[in-house]
Amino acid sequence: MTAVTSTVTTDAYEGASPEAAFEAAVAADERIEPRDWMPDAYRTTLIRQMAQHAHSEIIGMQPEANWITRAPSLRRKAILMAKVQDEAGHGLYLYSAAETLGTGRDELLDKLHAGRQRYSSIFNYPTLTWADVGAIGWLVDGAAITNQVPLCRCSYGPYARAMVRICKEESFHQRQGYELLLTLSRGTAAQREMAQDAVNRWWWPSLMMFGPPDDASAHSAQSMAWKIKRHSNDELRQRFVDICVPQAETLGLTLPDPDLAWNEERGHYDFGAIDWTEFQEVLKGNGPCNEQRITQRRRAHEEGAWVREAAAAYAAKHSAQHTQHAQTDGKATA
Ligand code: FAQ
């Protein structure tokens with residue numbers, strides 16, 4: 001277990017019961033660190049969310065990786081490869097952060113492969129054209145940033161710190177998608193049409209990324225009380241819509257919702273009803289690509305077995321050599 005040495009709660013609330021120290025630290029907006037006492041349910045909820053987040057990053061590599069060999073230029077290919085690699089990196093930061101809660105990466109991956117842990121619904125949709133790479137960057141990474149910037153203030157230290165770096169990288173991802181779509185929308189009629197079609201297909205699934213509506217969100221109230229989540233699903237979804245509408249105008253593309261309209265009284269855009277049946281179907285495994293994504297993930301894991309074995313053998317050899325040297329040095333100084 002990778003433990004951070006600072007134990008803010010224990011130090012600052014000496015004499016208080018562990019439960020009281022935890023509650024006081026959360027109330028004071030302090031960070032909970034791995035060695036601090038925490039309620040079992042807090043630990044469980046963090047593992048659930050962080051694992052789901054990590055799994056989303058690595059499964060999320062698949063839809064875009066599908067276009068690496070078909071990128072239209074060397075520049076686009078280099079950018080896309082860097083982005084997909086960043087996503088693998090985000091998975092690593094998040095699995096490492098989850099390890100500080102006492103759960104190993106192997107265990108989490110086994111649960112993903114067995115269908116016992118989730119990944120984001122969004123990655124069960126297909127990438128049909130090159131413009132989908134742009135739409136994913138603009139909308140999917142855009143939604144991810146909107147959801148994740150508040151997670152930089154999450155009460156659990158390792159998760160919050162991992163999110164700082166992830167958000168910086170996601171912000172570059174969002175810009176590359178926006179720039180790609182801008183290029184297409186200013187291109188030929190066919191390119192513009194391709195960009196519009198991609199936005200039409202990705203808009204509604206992107207809104208679903210924020211999770212079910214607040215009145216159907218099982219975990220929000222408790223996660224917000226613990227300051228894991230800082231805003232509700234609906235608040236963040238609204239924030240995302242408000243950001244996207246003017247950006248779509250600049251892109252010269254339309255969002256596929258006839259009910260989108262500025263509401264002067266609310267100071268927000270109103271938007272149409274989300275198809276929650278589709279969302280639930282995707283969660284149940286019936287989305288367009290669920291089967292393909294999990295099969296590919298299991299295959300990649302099996303094909304990578306030799307790398308894990310080689311790394312473990314190397315680590316064992318290195319550690320044996322280290323012990324031998326320490327013993328030799330000990331004898332020399334004795
Ligand atoms: N997909 O009670 P709530 C990315 C489940 S990263 C699937 O509201 P919560 C980067 C939820 O787990 C995208 N399942 O849950 C990238 C729960 O089921 P359970 C991932 C969903 O946790 C870009 C049930 O519904 N981001 O995109 C979804 O309070 C491009 C009830 O829901 C994160 O994971 C969904 N969309 O709020 C990579 C961010 N929504 O577990 C590659 C961190 C809900 O009881 C390319 N996570 N469910 O069986 C969060 O902020 C939260 O977990 C929410 C859900 C907001 C996603």
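Hey, which of the helices (runs of 4 or more DSSP H) in region 1-111, taking only ones fully inside, have at least 1 residues that are at pLDDT 95 or above?
Correct list: 18-27, 40-59, 61-65, 74-99.
Is at least one residue of region 182-194 within 10 Å of the ligand (Cβ to nearest atom), open to solvent by 10 Å² or more (accessible area, probe 1.4 Å) and either in a helix (DSSP H, G or I) or at pLDDT 95 or above (or both)?
no
Checked against the criterion of being among the charged types (D, E, K, R), more than 29 Å from residue 207 (Cβ to Cβ) and modelled with pLDDT of 95 or more, the candidates 303, 235 yield just one match: 303. Tallying residues that are under 30 Å from residue 115 (Cα atoms) and either in a loop (DSSP other than H, G, I, E, B) or among the β-branched types (Val, Ile, Thr) (or both) within region 249-301 yields 13. Filtering region 229-288 to residues that are basic (Lys, Arg) and either more than 12 Å from the ligand (Cβ to nearest atom) or farther than 20 Å from residue 135 by Cα (or both) leaves 229, 230, 239, 266, 284. The set of residues from region 28-46 being within 16 Å of the ligand (Cβ to nearest atom) and either among the hydroxyl-bearing types (Ser, Thr, Tyr) or open to solvent by less than 30 Å² (accessible area, probe 1.4 Å) (or both) comprises 42, 44, 45, 46.
Within the bounds of region 292-312, is there any residue that is open to solvent by 90 Å² or more (accessible area, probe 1.4 Å), under 27 Å from the mean Cα position of the chain (by Cα) and polar (S, T, N, Q)? Checking region 292-312: at least one residue is open to solvent by 90 Å² or more (accessible area, probe 1.4 Å), under 27 Å from the mean Cα position of the chain (by Cα) and polar (S, T, N, Q).
Is there a residue in region 146-160 that is among the aromatic types (Phe, Trp, Tyr), in a loop (DSSP other than H, G, I, E, B), on the phi < 0 side of the Ramachandran plot and more than 10 Å from the ligand (Cβ to nearest atom)?
no
Condition check ((1) within 12 Å of the ligand (Cβ to nearest atom); (2) surrounded by fewer than 18 Cβ atoms within 10 Å (Cβ to Cβ)) across all residues:
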site	(1), (2)
57	yes, no
76	no, no
80	yes, no
111	yes, yes
127	yes, no
141	yes, no
144	yes, no
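The values are calculated or read from the model by the stated rules, or taken from the named source; none is laboratory data. These numbers were taken from a predicted model, which means no experiment stands behind them. A quick note on method: Cβ atoms are made from the backbone with ideal geometry, for glycine too, and the neighbour counts reach across all protein chains shown. For the accessible areas, the whole protein counts, side chains as well, though only heavy atoms, and no ligand, DNA or RNA atoms are used. Shrake-Rupley method; radii C 1.70, N 1.55, O 1.52, S 1.80 Å.
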